[in-house]
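J.: Below are the structure tokens for one structure; questions will follow.
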Amino acid sequence: MTVSAKEAREIISFYREAGVDTLVGEKPVDRLADDAPPSQPASPPLPARGPNSANRAPSAPGADDRTLFQTAPATPEAAIMAARQAAKSATTLEAFRALLDAFEGCMLRSTATQLVFADGNPNARVMFVGEAPGRDEDLAGTPFVGRSGKLLDRMMAAIGLDRSKAYIANIVPWRPPGNRTPTPHESAICLPFIHRQIELVNPDILVCLGGPSAQTLLAIKEGITRSRGRWFSYDTGTREIRALPTFHPAFLLRSPLQKRLAWRDFLALEKALAG
Ligand code: URA
């Protein structure tokens, strides 16, 4: 079937309006057909992707371990096991970043431009954790650089913090296509990663930005409206630290009236950091 330029434009705008903003292949695949190709190659490992892919796997301690995690796991359970093993095996943040960059067990990696690992100071006393990178972060390879990141910067500045005094990461380090919510399986795969990242950074205070971050890291069921502003305990694996859920800056952009509550949370954070 030949499609005219006008029809092609209409199809593309239909997809754009439906939220599709990422091209994962040039030809559509009918995955319901009996002879559909497997959704992920068992081997060999996928080549590195993204604009900076040539630079993305720095040589670092533990670089040999990376090869262990470069083959896509065969089942969802195997992917979670592989993530746990990969997380455990890294003993420095540099090695951990390199392992994550080579990890083939999370399919988000194949639609994302690149890994969005962290920003800020790994020696900071406070660590902020969001949910997942958006489009701007995916392109930059840095968390919280878009509109909500700019608001986060202003909120931090209001209590004397900036990215040289804080460390910033996400539960999921690859952008979900179209900014959709990560699936429970994707979050389960990435959970050992963020746990290990927190352990390696070893902050005194953890700030969970938004409900998904608070619920995932603090294993709580209640929504952010109930949990925000309350102090929780978080076990890093080596010690107990204090954890504070607060509203996600993207939510505050949509609901500016809630900024007064977020301001209270940040004042509590300032006090805790001074103590
Ligand atoms: N929202 C997040 O949760 N994380 C980012 O890095 C950007 C937006």
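The values are calculated or read from the model by the stated rules, or taken from the named source; none is laboratory data. Given the structure is predicted, the values throughout are model-derived calculations rather than measurements. Ideal geometry is used to build each Cβ from the backbone, glycine not excepted, and the neighbour counts take in all protein chains shown. What goes into the accessible areas is simple: the full protein's heavy atoms, side chains included, and nothing from ligands, DNA or RNA. Shrake-Rupley method; radii C 1.70, N 1.55, O 1.52, S 1.80 Å.
J.: From the phi of every residue in the range 156-165, what ³J(HN,Hα) in whole Hz does the Karplus formula 6.51 cos²θ - 1.76 cosθ + 1.60 yield, where θ is phi - 60° and glycine or proline is x?
T.: Once θ is set to phi - 60°, the couplings for the range 156-165 become 5, 4, 5, 10, x, 9, 9, 6, 8, 10 Hz.
J.: For the modelled label position 7 Å from the Cα of Arg226 along Cα-to-Cβ, which residues of the range 196-210 have backbone nitrogen atoms closer than 19 Å?
T.: What the label zone holds, given the 19 Å backbone N cut-off, is 208-210.
J.: For Arg84 and Glu10, what is the calculated FRET efficiency with R₀ set at 30 Å and r taken between the beta-carbons, to the nearest 0.05?
T.: Numbers: r = 46 Å, r/R0 = 1.54.
Calculated value: 0.05.
J.: Let me ask something additional. Specify the inter-centroid distance of the range 192-211 and the range 76-121, based on alpha-carbon positions, in whole Å.
T.: If we compute the Cα centre of each part, the gap is 15 Å.
J.: On to the next question. If I compute solvent accessible area with a 1.4 Å probe over the protein chains, what percent of it on the range 118-206 is carbon and sulfur?
T.: Working: 1620 of 3240 Å².
It is 50 percent, rounded to a whole number.
J.: Could you rank the peptides 210-219, 5-14 by their average count of other C-beta atoms within 10 Å per residue, with the highest value first?
T.: Numbers: 210-219: 20.6, 5-14: 10.1.
Highest mean packing first, the order is 210-219, 5-14.
J.: Taking the full set of protein chains and a 1.4 angstrom probe, give the accessible area of His248 in square angstrom, rounded to the nearest 10.
T.: 40 Å²
J.: Next question, about the same structure. So, for the range 202-275, what is the accessible surface per residue at a probe of 1.4 Å, expressed in square angstrom? Present the calculation step by step, with values, prior to reporting the outcome.
T.: Numbers: 3760 Å² over 74 residues.
Heavy-atom SASA per residue in the range 202-275 reads 51 Å².
J.: In whole Hz, with x marking every Gly and Pro, tabulate ³J(HN,Hα) for the range 94-99 from phi via Karplus 6.51 cos²θ - 1.76 cosθ + 1.60, θ = phi - 60°.
T.: 5, 5, 5, 4, 5, 4
J.: Shifting gears a bit: With charges only on Cβ, +1 for K and R and -1 for D and E, what is the dipole size of the range 113-181 about its Cα centre, in debye, rounded to 20?
T.: Details: 9 positive and 7 negative charges, 25 e Å.
I would put it at about 120 debye.
J.: Could you give the size of the charge dipole of the range 151-269 about its Cα centre, using +1 on the Cβ of each K and R and -1 on the Cβ of each D and E, expressed in debye and rounded to the nearest 20? Display every interim value, and only then the final one.
T.: Values: 16 positive and 9 negative charges, 89 e Å.
Roughly 420 debye for the range 151-269.
J.: Work out from phi, with θ = phi - 60° and the Karplus expression 6.51 cos²θ - 1.76 cosθ + 1.60, the ³J(HN,Hα) of each residue of the range 238-249, listed in order in whole Hz, and give x for Gly and Pro.
T.: 10, 6, 8, 10, 8, 10, 10, x, 8, 5, 6, x
J.: Using the charge dipole of the range 96-151 (Lys, Arg: +1 at Cβ; Asp, Glu: -1 at Cβ; taken about the Cα centre), state which of Gly120, Cys106, Gly134 has its Cα farthest towards the positive end.
T.: Gly120
J.: Would you mind classifying the range 144-265 by shape? Square roots of the alpha carbon gyration tensor eigenvalues, ordered a ≥ b ≥ c; an a/c under 1.5 is rounded, otherwise it is prolate if a/b is larger than b/c and oblate if not.
T.: Values: a/c = 1.36, a/b = 1.15, b/c = 1.18.
Rounded, because the longest to shortest axis ratio a/c is under 1.5.
J.: What residues have an amide H closer than 5 Å to that of Val145, excluding those fewer than 5 places away on the same chain, when H is modeled at 1.01 Å from N in the peptide plane?
T.: Distant-sequence amide H within range of Val145: Glu137.
J.: Mind checking which lysines have their C-alpha under 30 Å from Lys6, skipping anything on the same chain fewer than 8 residues away?
T.: Correct list for Lys6: Lys27.
J.: Compute the relative contact order of the range 150-275 as a whole-number percentage, counting only Cα pairs closer than 8 Å that sit 6 or more residues apart in sequence.
T.: Details: 127 pairs, mean separation 28.8, N = 126.
Answer for the range 150-275 is 23 percent.
J.: Same structure again: So who's got an amide H within less than 5 Å of the one on Thr236, skipping anything under 5 residues away but keeping other chains? H placed 1.01 Å off N, in plane.
T.: Here Ile241 satisfy the definition.
J.: A further question on this structure: What residues qualify as long-range amide H neighbours of Ala166, i.e. H under 5 Å apart, gap of 5 or more or another chain, H built at 1.01 Å from N?
T.: Asn121
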